[in-house]
């Protein structure tokens, strides 16, 4: 039986996105990447990472290099 991860830490999401931990924490604090507080840690659902990436893609106008 394989158990899939349900949550990611801020540090894990930073690695996934190729960002630094500080930038990822800032995006979480700004609400750009959704998260929940679990004790003293923030946890991020995989779909919330996908939502952030999709939002970035929508912000880029067609034919424009970002």
Open item on the list: Quick check on my filter: what residues within the stretch 25-47 are touching a strand residue (DSSP E or B) at 6+ places or on another chain (Cβ under 9 Å) and either surrounded by 12 or more Cβ atoms within 10 Å (Cβ to Cβ) or under 13 Å from residue 6 (Cα atoms) (or both)?
Closed with: 25, 28, 33, 34, 35, 36, 42, 43, 44, 45, 46
Task: Pick from the stretch 1-21, criterion assigned to a loop (DSSP other than H, G, I, E, B) and closer than 9 Å to residue 44 by Cα, ranking: nearest to the chain's Cα centre (by Cα) - done: 9
Task: Subset of the stretch 24-39 [part of a helix (DSSP H, G or I) and within 12 Å of residue 52 (Cβ to Cβ)] - done: 24, 27, 28
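Readers should treat all values here as calculations from the given coordinates under stated rules, not as data from a laboratory. Because the structure is a prediction, the values reported are computed rather than measured. All Cβ positions, glycine included, derive from the backbone under ideal geometry; neighbour counts span all protein chains shown.
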